[in-house]
């Protein structure tokens, strides 16, 4: 999971803050049993996620999930799965490369799949704080990803239950990793 964004530009930090929350949850639950097939690398890609591709390459993922602030023309805090092929111009762009270029590189070089979650920004001006709707979206995405990936080995989950199903706002939907 790669969190993308510029912390100096208000809501543009959304992806980085999701990564930070997920990494904290990962460290807190480090001793919990996990299925052998699930491993997670959380990267704070910040404003230059292309600088993190070495760590991602060494991890050799099957899937890279990019989380980024986006200007999708939706109400602030809206969360959507985006097709990275069509994400050109959606970045709230303070990044050196758009998420679509990073995704194209990862697919080409690592032969992995790439998914993109966008969080609609409200204010990306220099020095702005995180707006309340984006802060709620950051919590929602973090909870959903925690349930999807980190809680996958939870012995209390009912058999056959899809981790992350029904988590977060309806716009986030059901995980693409579940049937």
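The values are calculated or read from the model by the stated rules, or taken from the named source; none is laboratory data. The model shown is predicted, which means the values in this text are computed figures rather than measured ones. Because the Cβ atoms are built from the backbone with ideal geometry, glycine has one as well, and the counts that use them run over all protein chains shown.
General remarks:
- Restricting the stretch 33-58 to residues that are over 23 Å from residue 70 (Cα atoms), out of contact with any strand residue (DSSP E or B) (no Cβ under 8 Å at 6 or more places or on another chain) and surrounded by 12 or more Cβ atoms within 10 Å (Cβ to Cβ), the residue that is modelled with the highest pLDDT is 57.
- Those residues of the stretch 126-146 which are under 13 Å from residue 10 (Cα atoms) and without any contact (Cβ under 8 Å) to a residue 60 or more places away in the chain, in sequence order: 132, 133, 135
- Residue ID - nearest to residue 103 (Cα to Cα), chosen from residues in the stretch 68-79 that are modelled with pLDDT of 95 or more and surrounded by 17 or more Cβ atoms within 10 Å (Cβ to Cβ): 79
- Subset of the stretch 1-11 that is over 7 Å from residue 130 (Cβ atoms) and in contact with a helix residue (DSSP H, G or I) (Cβ under 8 Å, 6 or more places away or on another chain) - its residue that is surrounded by the fewest Cβ atoms within 10 Å (Cβ to Cβ): 7
- Residue within the stretch 12-21 that is modelled with pLDDT of 95 or more, surrounded by 13 or more Cβ atoms within 10 Å (Cβ to Cβ), in contact with a helix residue (DSSP H, G or I) (Cβ under 6 Å, 6 or more places away or on another chain) and in a loop (DSSP other than H, G, I, E, B) present: no
- Sole exception among (1) surrounded by 23 or more Cβ atoms within 10 Å (Cβ to Cβ); (2) touching a helix residue (DSSP H, G or I) at 6+ places or on another chain (Cβ under 7 Å); (3) modelled with pLDDT under 95 for residue 100, by number: (1)
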